[in-house]
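The values are calculated or read from the model by the stated rules, or taken from the named source; none is laboratory data. Worth saying up front: this structure is predicted, and the values here are computed from it rather than measured. Glycine gets a Cβ as well: all are built from the backbone with ideal geometry, and neighbour counts include every protein chain shown. The protein model used for the area step is the full one, side chains on, heavy atoms only, and it has no ligands, DNA or RNA in it. Shrake-Rupley method; radii C 1.70, N 1.55, O 1.52, S 1.80 Å.
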Amino acid sequence: MQNQRTGETDVRGRFPTETAGLPEARRAEVVPLSDGDELELEIAPVSKRIGDAVVRMLAYNGSIPGPTLEVSRGATVTVHVTNRGDLDATVHWHGLRLENRYDGTHDTQAPIPFGETFTYEVHCPDEGAYWYHPHIREDYGQELGLYGNILVVPTDPDYWPAVNREVLLTLDDILIEDGAVAAFGDETTHVAMGRFGNAMLVAGEPELTLEAKRGEVVRLYLTNTANTRVFNVAIPGTRMKLVGGDSGHYEHEELVEEVLLAPSERVVVDVLFGEPGHVTLEHRTPERSYRLAGITVSDEPAAPALAHEFEVLRTNADMAALRERLAPFVDAPPDKTLAFVAEMDMGTPEGDAVYACPMHPEVVSDEPGRCPECGMKLLAVAVTYTCPMHPEVVSETPDRCPKCGMKLMPAQAGREPQGHAHHEHTHEAHDHHGAHDHHDHAGEGSHHARGHAHDTAQGIEWEDDMVEVNRMTTPANMRWKLVDRDTGAENAQIDWQFRVGDQVKIRLVNEMDSDHPMPHPFHVHGAGRFVVLARDGVVEPNLVWKDTVLVRTGEVVDILLDVTNPGRWMAHCHIAEHHESGMMLGFEVLA
């Protein structure tokens, strides 16, 4: 097979795009597994139709998503992973508190070469929805379809409220350009904001259709498997009850209009389909809604009828008791403080330059600084000169117009200077690589208490608002850092040490004093699990065990990590491109 990046023949086809002869990706199947069972899991290429394009992707056992492993709480299953993909591989069992040597990172195992097999012992101690995915070139593998769910079924029949049935849905996007998945190289790109897609995939499908019965209560286990996109999910015309998160049930069940999932987070909602007709699973942002799936509700009544039980909002005693135990930690000082910081160095063009914000190009300054709209570092851009009377005349030097003799003026002269940018933007749709229209939403509304102007956007970057600059960013010119505020150590130099049984309060500070302030989903591997204690000093009103938390732009989040498993573990941002650029730390847990 020919390597699409170099044109050279490569038996393994490291980054190929050719689809000829590849099997078509299947839909995922549910594989029930009992304690002690074994499963063969193969990574291999497949073809898949997305819109008008047939693209080459990667799959576990030929399906996107990979097979859903259904396992009882407390069970251990053996999974033999064979790699026939494009790169050396590992499989990370996201959220599971399993034995450290099976965590699936470069710290815990040698990568699986092409054609070889590695055996994992996958222990499932906690109820809930988990997932598996690569931990080498995560940006590439996840984008191409390497993800699958693990459903850990409670042994207590009353752990969840009653429903008619359960459905697991992965939420993803993918970037298609020129009829193929947008190109990858040896170096990760889109490091500034992460790689946003222009086609949405739900359960691996671009046009998913589902069915329900009148009065049916369906439990949806939602998993965000996207590289960087935050999903905000709603189903207008239904009633939705939040019952669970990353690792089990919430303290209080509550009725909600929508649920937010950052990359790698899971949410469990029970949905009551009250009336026959058609409803839509939607992703809602402040600027628009995306159709994710269509649901047809038949007039056939569901049996048994569970609408009455749906109305009951339970409080779970184990989580209520946990709140009492956590009370002393809420006001205690943090044991660790971890800051999220970006450093950008995009270089300076030759000749005259001005400084502009890639996300708000109307913000221009003659001096380096930060954007008053979003706090981002202003980047140096070359000054171009144009004729006011003949704008098609453009020059890199301040010459005269060959048509009328008028002195050429800086093209940036018509923009407002830094600090006087408009707060009222027009929201005309623009084509984002040809598949979906996107809008400029940043900079609207009143300023955040920290001087941030993302109130309307809720401290979330919903779209790629600087497409070309984002595409050019790599680990060489964009450095994402986790900084230990007590020691000054950064990323891999951080070397925390805990003991089994420790309760560690960690303060996560998403710095505005950063070259690109933006939200980060912070994930802790299987050393334990955590609860969110407070956000910006406000006590978390509804507790749930988690392994990932979204820290919004400018936000301070306190978490309490319950340390249970010895070994060498990781914690990192779960935006795949940030993870690949080094935004991670390691820590040791002693028995």
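Looking across the range 168-211, the residues that are open to solvent by 30 Å² or more (accessible area, probe 1.4 Å), of a type in the set (A, V, I, L, M) and more than 18 Å from the chain's Cα centre (by Cα) come down to Ala183, Leu210. Among the numbered conditions (1) open to solvent by less than 10 Å² (accessible area, probe 1.4 Å); (2) within 17 Å of Gly95 (Cα to Cα); (3) touching a strand residue (DSSP E or B) at 6+ places or on another chain (Cβ under 8 Å), the only one that Ala576 does not meet is (3). Looking across the range 280-308, the residues that are assigned to a strand (DSSP E or B), open to solvent by 20 Å² or more (accessible area, probe 1.4 Å) and not charged (D, E, K, R) come down to Thr280, Ser289, Thr296, Ser298, Pro301.
Taking the range 526-549 as the range and being of a type outside the set (Val, Ile, Thr) and farther than 14 Å from Asp126 by Cβ as the test, the residues that pass are Leu533, Ala534, Arg535, Asp536, Gly537, Glu540, Pro541, Asn542, Leu543.
Remark: Arg101 falls outside the filter, which requires a residue to be open to solvent by 10 Å² or more (accessible area, probe 1.4 Å), of a type in the set (D, E, K, R) and under 29 Å from Ala302 (Cβ atoms). Please verify whether Gly66 is open to solvent by 10 Å² or more (accessible area, probe 1.4 Å), closer than 27 Å to Tyr120 by Cα and part of a loop (DSSP other than H, G, I, E, B), treating the condition exactly as stated. Considered against the rule, which asks whether it is open to solvent by 10 Å² or more (accessible area, probe 1.4 Å), closer than 27 Å to Tyr120 by Cα and part of a loop (DSSP other than H, G, I, E, B), Gly66 comes out as no.
Taken together, the residues in the range 96-133 that are aromatic (Phe, Trp, Tyr), within 22 Å of His574 (Cβ to Cβ) and in a strand (DSSP E or B) amount to 4. If you check Thr68, Thr82, Thr9 for being touching a strand residue (DSSP E or B) at 6+ places or on another chain (Cβ under 7 Å) and modelled with pLDDT under 95, only one passes: Thr9. Under the condition of being without any contact (Cβ under 8 Å) to a residue 60 or more places away in the chain and among the hydrophobic types (A, V, I, L, M, F, W, C), the residues counted in the range 304-338 number 3. Given the criteria loosely packed, with under 14 Cβ neighbours inside 10 Å, within 22 Å of Thr548 (Cβ to Cβ) and touching a Lys or Arg at 6+ places or on another chain (Cβ under 9 Å), does Glu254 qualify? For Glu254, the condition - loosely packed, with under 14 Cβ neighbours inside 10 Å, within 22 Å of Thr548 (Cβ to Cβ) and touching a Lys or Arg at 6+ places or on another chain (Cβ under 9 Å) - is met.
If you go through the range 480-506 and keep only what is farther than 29 Å from Val330 by Cβ and open to solvent by 90 Å² or more (accessible area, probe 1.4 Å), you end up with just Gln493. If we scan the range 566-575, do we find a residue that is modelled with pLDDT of 95 or more, small (Gly, Ala, Ser), farther than 19 Å from Asn227 by Cβ and assigned to a strand (DSSP E or B)? Yes: one or more hits. Screening the candidates Glu555, Glu588, Glu580 for the property of being at negative phi, acidic (Asp, Glu), in contact (Cβ under 8 Å) with a residue 12 or more places away in the chain and touching a Ser or Thr at 6+ places or on another chain (Cβ under 7 Å) yields one hit, Glu580.
Residue count for the range 381-412 satisfying the condition of being open to solvent by 70 Å² or more (accessible area, probe 1.4 Å), modelled with pLDDT under 75 and outside any loop (DSSP other than H, G, I, E, B): 2.
The set of residues from the range 318-364 being open to solvent by less than 60 Å² (accessible area, probe 1.4 Å), at pLDDT 95 or above and assigned to a loop (DSSP other than H, G, I, E, B) comprises Ala332, Pro334. Leu378 meets the conditions (1) open to solvent by 20 Å² or more (accessible area, probe 1.4 Å); (2) modelled with pLDDT under 70; (3) touching a Cys at 6+ places or on another chain (Cβ under 7 Å) in every case but one. The failed one is (1). Residues that are under 20 Å from Leu260 (Cα atoms) and without any contact (Cβ under 8 Å) to a residue 60 or more places away in the chain within the range 170-196 comprise Asp172, Asp173, listed in sequence order. Against the conditions (1) open to solvent by less than 10 Å² (accessible area, probe 1.4 Å); (2) more than 29 Å from Glu463 (Cα to Cα); (3) among the charged types (D, E, K, R), Lys241 satisfies every one except (2). Using the structure shown, decide if Glu540 is open to solvent by less than 50 Å² (accessible area, probe 1.4 Å), among the charged types (D, E, K, R) and closer than 30 Å to Pro368 by Cβ. Here the answer is no, as Glu540 does not meet what is asked. Within the range 489-501, can you find the residues that are out of contact with any Asp or Glu (no Cβ under 8 Å at 6 or more places or on another chain) and in contact (Cβ under 8 Å) with a residue 12 or more places away in the chain? The answer is Asn491, Ala492, Arg499, Val500, Gly501. Here is a check on your reading of the model: is Asp562 touching a Leu at 6+ places or on another chain (Cβ under 6 Å) and part of a strand (DSSP E or B)? No, not satisfied.
Taken over the range 284-297, the criterion of being under 15 Å from Leu220 (Cα atoms) and of a type outside the set (A, V, I, L, M) is satisfied by Gly294 alone. Residues in the range 52-63 that are buried (at least 21 other Cβ atoms within 10 Å of the Cβ) and β-branched (Val, Ile, Thr): Val55 alone.
Among His123, His135, which is the only one that is open to solvent by 10 Å² or more (accessible area, probe 1.4 Å), of a type outside the set (Lys, Arg) and under 30 Å from Arg219 (Cα atoms)? Answer to the check: His123. Criterion first (among the polar types (S, T, N, Q), part of a loop (DSSP other than H, G, I, E, B) and in contact with a strand residue (DSSP E or B) (Cβ under 7 Å, 6 or more places away or on another chain)) does Ser264 satisfy it? So Ser264 passes the test.
Of everything listed in (1) at pLDDT 75 or above; (2) among the acidic types (Asp, Glu); (3) surrounded by 14 or more Cβ atoms within 10 Å (Cβ to Cβ), the single unmet condition for Glu311 is (3).
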